[in-house]
Amino acid sequence: MRTLVTRNTPFDKFLAGDNSALTANQRRGAKLFFTAATNGGAGCFSCHAGPMLNKQPNDPDVTGTGQFVEENFFNIGLSDHLVQALNRLARNDPNFIDNGRQEITGLDSDAFKFRSTTMRQLKGSRFFFHNGAFTSVRDVVEYFNAGVPQNPVTGAASTLTPRFTNPRGPGFPRGLGLTEDQVKDITDFLENALFDPAFVTFDPNSTTDTMQPNARDLTYSVYRPDLAALGAVDGFMPSGRPISNNDPLSRRDAGLEFLDVTSQARTELTSSTRTGNRQQDVYKITNTSASTVIDTHLLIIVKGLSSQFKLENASGTTSTGDAYIRVFLPEGVLKPGQSISQTLIFTKQPPGPPPAAGSVPVTLTFLSGQGNP
C-alpha cells in the first residue's frame, strides 16, 4: 500500500503564500470553516483540524500534547447503512442499529459514534458518511446547517453531540444558521479548494504521488537510470508483476501465490477414532511464532496419502494432486501462541479390510493464501 498525500490543493498553495490560489467564494468558505459557530462561523475545524482536516485541534497528532484521540469520534444522529439489514437478519434483531465505536470499546459513552474523516479530495465522491446516505458535499453541509438528526434512535441517544445539534451554544436554534450563500461558499471551499486534480489524473508537473504507479514512477530510463541499469523495463514494475498485484499480501489475497507457514505451525494429534472404513484424526494446530500471525486462509495440504485412502472432507486438490482443506481462521488470523483444532476424515477405498488402528500416515504442509494451491 502507498501513503496517499495531497499537498497541491488550492488551499495548500494559499497557505504557502499564493493569495490568488483561492477564489473570493472559497476564501469566504474557508473563513466560515475555521471560525467557531459561537462566533458566527460554521466551526467545522472543531472536528476537522490538522493537515488532513480529520483531527481535533488539541489532538496529540496535531499539537503533540495531551491524549484526545477518542474525541475524534462523534454521534451526529445518522441512520444505518442499508447493508445493516443483513446484520439485523443474522442477529435476529429487527431493532439493531450499528453502534459504531461502542462495538470496539464496549463503552456506553461511545454508542453510535463514528470517526470524523478527512475533508480532502471530496470532489467526485458519490457517497458520504458511514451510511452512504448523502450523495453530494452540499447535502452534507445542509445536514449540519439544519442540525436535525436523521435517525430517531441515534438522535435520542445521550451520546448525540451538541456540536451537531447546538453548535452555536445553549439557547440558540438547532444547527448553524447559515444563509444560502454561506452554504454555497463552504461547499465551494470543500469541493474545489481542497481538491488536488493530480491525485486523480497524473500530472508530470506536479509533485503529487498518484495511487497507482504512474509514468514518472515507471519511466526508469528518464527518472531512475540506476534501476534501468539493473534491467528495469520502462512501463513495467521492476518485479515484472501486474501493478495491482505487486505486493505479496495482495497476491496471496488474489490466489496468485502462497506463503509456506509449515515451520511456524506445530501439529499435535489429539485423537484418532475408527468406525468401519472411516477414520477421524483430530489435530491441534498452534502458531509457534513469537510475533508473526498466520493470516488469510490456512490451507492444510495432505501429502503422502496412500491411494487406498481418500480425504473425505477435502476442500479440493492441489495442482500436484494432493488433497487439501481450507480453514477459515477466526477473525482472519491465527495469532502467536493461538491454537485451532482441525479434523481430517479419511475413508478406505474398498475392497479390503478396514484401516489399522492409529492415525493414517500423512505429512501435513501449511500454506497461507486464497484460491487453489
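The values are calculated or read from the model by the stated rules, or taken from the named source; none is laboratory data. None of these values were measured; they are calculated from a predicted model. Here the Cβ is made from the backbone with ideal geometry for all residues, glycine too, and neighbour counts use every protein chain on show. Side chains included, ligands, DNA and RNA excluded: accessible areas come from the protein's heavy atoms. Shrake-Rupley method; radii C 1.70, N 1.55, O 1.52, S 1.80 Å.
List every residue pair whose Cβ atoms lie under 6 Å apart, where the two residues are 6 or more positions apart in sequence or sit on different chains, the first residue falls within the stretch 287-305 and is farther than 14 Å from Thr320 by Cα and touching a residue at least 40 places away in the same chain (Cβ under 8 Å), and the second residue, located anywhere, is open to solvent by less than 30 Å² (accessible area, probe 1.4 Å) and of a type in the set (S, T, N, Q).
The qualifying pairs are Ile294/Asn287; Ile294/Ser368; Thr296/Ser368.
Criterion first (touching a His at 6+ places or on another chain (Cβ under 9 Å) and touching a residue at least 24 places away in the same chain (Cβ under 8 Å)) does Phe74 satisfy it?
Criteria not met by Phe74.
So which residues in the stretch 99-123 are among the basic types (Lys, Arg) and either in a strand (DSSP E or B) or on the phi > 0 side of the Ramachandran plot (or both), if there are any at all?
Selection gives Lys113, Arg115.
Which of the residues that make up the stretch 290-338 are at pLDDT below 95, open to solvent by less than 50 Å² (accessible area, probe 1.4 Å) and among the aromatic types (Phe, Trp, Tyr)?
Of everything in the stretch 290-338, just one residue is at pLDDT below 95, open to solvent by less than 50 Å² (accessible area, probe 1.4 Å) and among the aromatic types (Phe, Trp, Tyr), namely Phe309.
Please specify each residue of the stretch 37-73 satisfying the condition of being modelled with pLDDT of 85 or more, of a type outside the set (Lys, Arg) and in contact with a helix residue (DSSP H, G or I) (Cβ under 7 Å, 6 or more places away or on another chain).
Gly41, Ala42, Gly43, Cys44, Phe45, Ser46, Cys47, Ala49, Gly50, Gln56, Pro57, Phe73
Tell me, please, whether a residue that is at pLDDT below 95 and either over 24 Å from Asp247 (Cβ atoms) or open to solvent by 20 Å² or more (accessible area, probe 1.4 Å) (or both) can be found in the stretch 172-188.
Scanning the stretch 172-188, I find no residue that is at pLDDT below 95 and either over 24 Å from Asp247 (Cβ atoms) or open to solvent by 20 Å² or more (accessible area, probe 1.4 Å) (or both), so the answer is no.
Restrict the check to the stretch 45-57 and report whether at least one residue is out of contact with any strand residue (DSSP E or B) (no Cβ under 9 Å at 6 or more places or on another chain), in contact (Cβ under 8 Å) with a residue 24 or more places away in the chain and among the hydrophobic types (A, V, I, L, M, F, W, C). Spell out the reasoning first.
Taking the stretch 45-57 as the starting set, the residues that turn out to be out of contact with any strand residue (DSSP E or B) (no Cβ under 9 Å at 6 or more places or on another chain) are 45-46, 50-53.
Pick out the ones that are also in contact (Cβ under 8 Å) with a residue 24 or more places away in the chain and you get 46, 52-53.
Those left that are additionally among the hydrophobic types (A, V, I, L, M, F, W, C): 52-53.
Yes, there is a match, as at least one residue in the stretch 45-57 is out of contact with any strand residue (DSSP E or B) (no Cβ under 9 Å at 6 or more places or on another chain), in contact (Cβ under 8 Å) with a residue 24 or more places away in the chain and among the hydrophobic types (A, V, I, L, M, F, W, C).
Restricted to the stretch 122-133, and to residues that are in contact with a helix residue (DSSP H, G or I) (Cβ under 6 Å, 6 or more places away or on another chain) and surrounded by fewer than 18 Cβ atoms within 10 Å (Cβ to Cβ), which residue is farthest from Thr6 (Cα to Cα)?
Phe128
List the pairs whose first member sits in the stretch 88-116 and is modelled with pLDDT of 90 or more, whose second member is loosely packed, with under 11 Cβ neighbours inside 10 Å, and whose Cβ atoms are under 6 Å apart, counting only residues at least 6 apart or on separate chains?
Note: pairs meeting the criteria are Arg88/Pro94.
Could you check, for the stretch 166-173, whether at least one of its residues is under 30 Å from Ile97 (Cβ atoms) and among the basic types (Lys, Arg)?
Yes: one or more hits.
Out of Gly240, Gly171, report the one residue that is at positive phi, over 30 Å from the mean Cα position of the chain (by Cα) and not aromatic (Phe, Trp, Tyr).
Going through Gly240, Gly171 in turn, the sole match is Gly171.
Looking only at strands (runs of 3 or more DSSP E) that fall completely inside the stretch 266-373, which ones have 2 or more residues that are more than 30 Å from Leu256 (Cβ to Cβ)?
278-287, 339-348
Just to verify a result, which residue in the stretch 1-44, among those that are in a loop (DSSP other than H, G, I, E, B), of a type in the set (D, E, K, R) and in contact (Cβ under 8 Å) with a residue 12 or more places away in the chain, is farthest from Met119 (Cα to Cα)?
Going through the stretch 1-44, the residues in a loop (DSSP other than H, G, I, E, B) turn out to be 1-9, 16-23, 34-36, 40-43.
Retained after the next criterion (residues that are of a type in the set (D, E, K, R)): 2, 7, 18.
From what's left, in contact (Cβ under 8 Å) with a residue 12 or more places away in the chain: 2, 7.
Details: Arg2: 19, Arg7: 13 Å.
Ranking the candidates gives Arg2 first.
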